[in-house]
Amino acid sequence: MPDTVPVDLPIEKRLAAAVAEYGEAAVVLRCLSLLAGNNEGEDFLLYVGGEHAKGILDGAPVLYWPELWGTRALLYVWNDTAIPAVTAALENQAWRVREMAARVAAVRELPVATQLEGLLTDDVARVRASAARALGAVGSNIEVIAPLLRDPEIDVRRGAQQGIDAIRGRSSRA
């Protein structure tokens, strides 16, 4: 296992080290490769997954973790070539990937309001909440979020309120 990867550092510092080693475009490309289900090698997995990646390298089931870590890394390292992959990740079979893709869409202000609206009825509460918050960054239709104010899950209700407040805040500044 590579011992030069700073796995104990916060993700933003690990990714800064990865960019220093490989270059920003290459890091984004490798993140997209992970998101597509490909193997990008032990060192890169450690950069994006940190200490948790050691478990996979030691034989734990891979599941969706590399896809999630590749998506999460796009919060810190970005170029617009990632837009199609993040948009597609909003429909990933793994709920954690969908949730993270919604976060990336919000941070990167991607034009994916329609796809996010589809996640407002997701079976997983965390996905619904993340989609509602993301719509606060990229959407404009409060009415599609409003039904979530009555969701049985408090975190979804909070996410809906945050999304609505963000849309109202953007509208009042316009």
**Q.** Criterion: modelled with pLDDT under 95, assigned to a helix (DSSP H, G or I) and not assigned by TED's automatic domain parsing to the domain that holds Glu40 - qualifying residue of Arg98, Arg158, Arg126, Arg170
**A.** Arg170
Q: With respect to Val138, determine if the residue is more than 14 Å from the chain's Cα centre (by Cα), closer than 16 Å to Leu68 by Cβ and of a type outside the set (S, T, N, Q).
A: no
(Q) Please verify whether Arg126 is out of contact with any Gly (no Cβ under 7 Å at 6 or more places or on another chain), closer than 20 Å to Arg98 by Cα and surrounded by 14 or more Cβ atoms within 10 Å (Cβ to Cβ), treating the condition exactly as stated. (A) yes
**Q.** Qualifying positions in the stretch 104-121 - within 21 Å of Pro147 (Cα to Cα) and buried (at least 19 other Cβ atoms within 10 Å of the Cβ)
**A.** Ala106, Val112, Gln115, Leu116, Leu119, Leu120
**Q.** Unique match (being more than 18 Å from the chain's Cα centre (by Cα) and in contact (Cβ under 8 Å) with a residue 40 or more places away in the chain) among Val7, Val27
**A.** Val7
Q. Among the residues of the stretch 45-76, how many are under 12 Å from Arg30 (Cα atoms) and either out of contact with any Cys (no Cβ under 9 Å at 6 or more places or on another chain) or not assigned by TED's automatic domain parsing to the domain that holds Arg14 (or both)?
A. 4
(Q) Residue pairs, Cβ under 6 Å, 6 or more apart or interchain, first in the stretch 56-79 and free of Cβ contacts under 8 Å to residues at least 12 places away in the same chain, second crowded, with 18+ Cβ neighbours inside 10 Å and of a type outside the set (Phe, Trp, Tyr). List them. (A) Val62/Ile56
Q) Which one of these is under 28 Å from Gln162 (Cα atoms), under 14 Å from the mean Cα position of the chain (by Cα) and surrounded by fewer than 23 Cβ atoms within 10 Å (Cβ to Cβ): Trp69, Trp95? A) Trp95
Q: Could you please let me know if Leu35 is over 17 Å from Ala16 (Cβ atoms) and aliphatic (A, V, I, L, M)?
A: yes
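The values are calculated or read from the model by the stated rules, or taken from the named source; none is laboratory data. None of these values were measured; they are calculated from a predicted model. With ideal geometry, Cβ positions are generated from the backbone for all residues, glycine too; neighbour counts draw on all protein chains shown.
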